[in-house]
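Below is one structure, written out as structure tokens; comments come after it.
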Amino acid sequence: MAPSIRANPFFWLRQYYYGDSMYFVALVKFRVKPTQEIIAENLKLQAKEEAEGVKVHEIYWTLGRYDAVVISEAPDEKAIMKTALRREANMSFETLTAIPAVEARKLVE
């Protein structure tokens, strides 16, 4: 059953711009030093989550305040939160909802 507009005022916006999915940018900080085992575990989780509708478009390891940036697509906020919770022992996340600039420009009056 689709959520009502009253329960989620941004539902109409999400459906208009994204169809059945949303885009997210996650800023990641490693809690522990990455190891081959942690990387392998993360790749297994990523494969499982893809079957649940979460698609990772890009992962960049970075220098600076954050250790990595992940650009992904998911059916909703709950799905992306689930991915972060599965990894909370090894990393912390700041997740942003992203709207493609082409679509955002249409909002400017």
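The values are calculated or read from the model by the stated rules, or taken from the named source; none is laboratory data. What you are looking at is a predicted structure, and each value in this text was computed from that prediction instead of being measured. Every residue, glycine as well, gets a Cβ built from its backbone with ideal geometry; the counts of neighbours run over all protein chains shown.
Of the residues making up the stretch 87-98, those that are surrounded by fewer than 17 Cβ atoms within 10 Å (Cβ to Cβ) and more than 17 Å from LYS33 (Cα to Cα) are GLU94, LEU96, THR97, ALA98. If you go through the stretch 29-59 and keep only what is within 17 Å of SER92 (Cβ to Cβ), free of Cβ contacts under 8 Å to residues at least 40 places away in the same chain and touching a strand residue (DSSP E or B) at 6+ places or on another chain (Cβ under 6 Å), you end up with just ILE59. With a requirement of 2 or more residues that are of a type in the set (S, T, N, Q), the helices (runs of 4 or more DSSP H) lying completely within the stretch 14-109 that satisfy it span 36-51. Restricting the stretch 60-77 to residues that are among the hydrophobic types (A, V, I, L, M, F, W, C) and under 11 Å from the mean Cα position of the chain (by Cα) leaves a set whose member that is nearest to LYS29 (Cα to Cα) is VAL69. Of the residues TYR60, TYR18, the single one that is modelled with pLDDT of 95 or more and either surrounded by 14 or more Cβ atoms within 10 Å (Cβ to Cβ) or of a type in the set (Ser, Thr, Tyr) (or both) is TYR60. ARG6 - would you say it is at pLDDT below 95, charged (D, E, K, R), more than 10 Å from the chain's Cα centre (by Cα) and surrounded by 11 or more Cβ atoms within 10 Å (Cβ to Cβ)? So ARG6 fails the test. Is it true that VAL28 is surrounded by 15 or more Cβ atoms within 10 Å (Cβ to Cβ) and closer than 18 Å to ILE99 by Cα? Spelling it out, it is not the case that VAL28 is surrounded by 15 or more Cβ atoms within 10 Å (Cβ to Cβ) and closer than 18 Å to ILE99 by Cα. The residue list GLU77, GLU52, GLU37 contains one member that is modelled with pLDDT under 95 and more than 30 Å from ARG105 (Cβ to Cβ), which is GLU52.
Number of residues in the stretch 31-67 that are of a type in the set (A, V, I, L, M) and farther than 27 Å from ALA101 by Cα equals 8.
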